[in-house]
Each structure stands twice: as C-alpha cells, then as structure tokens.
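Colleague: Pasting a structure below so you can have a look.
The values are calculated or read from the model by the stated rules, or taken from the named source; none is laboratory data. Quick caveat, the model's predicted, so the values are computed rather than measured. Note that we place each Cβ from the backbone using ideal geometry, even for glycine, and neighbour counts take in every protein chain shown. All accessible areas refer to the heavy atoms of the entire protein, side chains included, with ligands and DNA or RNA removed. Shrake-Rupley method; radii C 1.70, N 1.55, O 1.52, S 1.80 Å.
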Amino acid sequence: MRYEAMPDDALERALATLREGGHRVTGARRAVIETLAELDGHPGAEDLCERIRQRYPAVHRATVYRTLETLAAIGVVTHVHISGGATAYHLASEAGARPHLHASCRTCGSIMDLPDGMLDSVSRDLLEAHGFELDPRHVALSGTCKDCRGAG
C-alpha cells in the first residue's frame, strides 16, 4: 500500500462535515480522518489500525473499528465490501465528494473507482423486473484488471 499526502482540504472538509452535523471531533475521529486523508487508495481496517497505532499509540484497535462505523453512519467515511469479506474505506469528501462505484481485481487486489451511474440501467431493470432496489455503492464488482489479464 502506498502512502501519499492528500491535500489538507480533504481533511478540512471531513472535519467540517462532522462539526456541521453537530458531531464532536474526538481524538480517535481526528486520527482516523487524518490517516485516511494521507493514504492513497482504499485501505482496509487493519491497514488503518496499524498506521494509526504507529502515530497514535493510545488509540486502540477496537476504537478504530467503532470510529469507522460511526464515521460511515455520519457520512464522513465511505466503505466498500471487497470479495473475500474485506472492507475498504476512504473519506467521503475525496474525489470531489461525488459518489462512485468500485471494482476489485481478484488477482492483485487493486481497487479502482468507477463512475457512479455505470449501473443505472441494471438498477432500473432489477427494479422493474423484480422489484429489487440495487445499492451498488457499498460492494465492489469483482473481476480481473487489465494488468493481471496481460492486456497492459
């Protein structure tokens, strides 16, 4: 996993979302938000725990998990379920605060962002034909990326 500093505005947008919603900026919440703002990609909870433990030893693993759940419920953090049961996270304020879909490579584990409306026709078809309302934003589509297929 690569670590790359995100612009401070991603951090500030996330903290502002908390404050505007009347939520406290606790030490654990700030640690999770800061760490997500610095990470490149879609880290899992264990990756976040390790990174947070290095910088903030007083923030325990269970606290990170509870904080991620709370921040996701508030709308500050977005989570996506990856094949194999893993969950990946990123700040909701990243990528211009636009909702998006995800695809995960079964071979290398890379996760890519996809345009939000990509499954609109499938969603409509499911609703019309089966009365099923699809919410694809929290589950990654599974497949094989072009690099792993050798189509580089």
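Colleague: Taking 0.36 nm per residue of separation and subtracting the Cα-Cα distance, what length does fully extending residue 86 through residue 73 add? Before the final figure, lay out each step's value.
Modeller: On the way: separation 13, 0.36 × 13 = 4.68 nm, distance 1.82 nm.
Contour length minus Cα-Cα distance gives 2.9 nm.
Colleague: In the stretch 1-146, what % of DSSP beta bridges are antiparallel (nearest 5)? Intermediate results must be reported in sequence, preceding the final value.
Modeller: On the way: 11 of 15 bridges.
The antiparallel proportion sits near 75 percent.
Colleague: If I compute Rg/Rh (Cα atoms, Kirkwood Rh) from the structure I just sent, which labelled value in [x] 1.03; [y] 1.00; [z] 0.94 lines up?
Modeller: Derived directly from the coordinates: [y].
Colleague: Another question about this same structure. Calculated FRET efficiency, residue 114 and residue 25, Cβ-Cβ r, R0 22 Å, to nearest 0.05?
Modeller: Result of the calculation: an efficiency of 0.10.
Colleague: Here's something else I'd like to know. Helix-only mean residue ellipticity at 222 nm, the chain, DSSP H runs n ≥ 4 weighted -39,500 (n - 2.57), per residue, nearest 500. What is it? Mind showing how you got there, number by number?
Modeller: On the way: 6 runs with 65 residues, N = 152.
Counting only the DSSP helices, I get -13000 deg cm²/dmol.
Colleague: Ranked by accessible surface with a 1.4 Å probe, highest first, in what order do 144, 26 come?
Modeller: So the residues, ranked largest to smallest area, are 144, 26.
Colleague: For the chain, which longest stretch is free of loop sites, where a loop site is one of the trypsin sites (Lys or Arg not before Pro) that DSSP puts outside H, G, I, E and B and that has at most 11 other Cβ atoms within 10 Å?
Modeller: After excluding every exposed loop site, the longest remaining stretch is 25-152.
Colleague: May I ask for the angle, rounded to the nearest 10°, between helix 45-55 and the longest principal axis of the chain, with both axes built from Cα atoms and the value confined to 0 to 90°?
Modeller: Helix 45-55 sits at roughly 20 degrees to that axis.
Colleague: Now for a separate question. GNM, the chain, Cα, under 10 Å: largest mean-square fluctuation among 17, 67, 78?
Modeller: Between 17, 67, 78, it is 17 that shows the largest mean-square fluctuation.
Colleague: Using a 1.4 Å probe on the protein heavy atoms, what percent of the accessible area of the stretch 1-145 belongs to carbon and sulfur?
Modeller: 52
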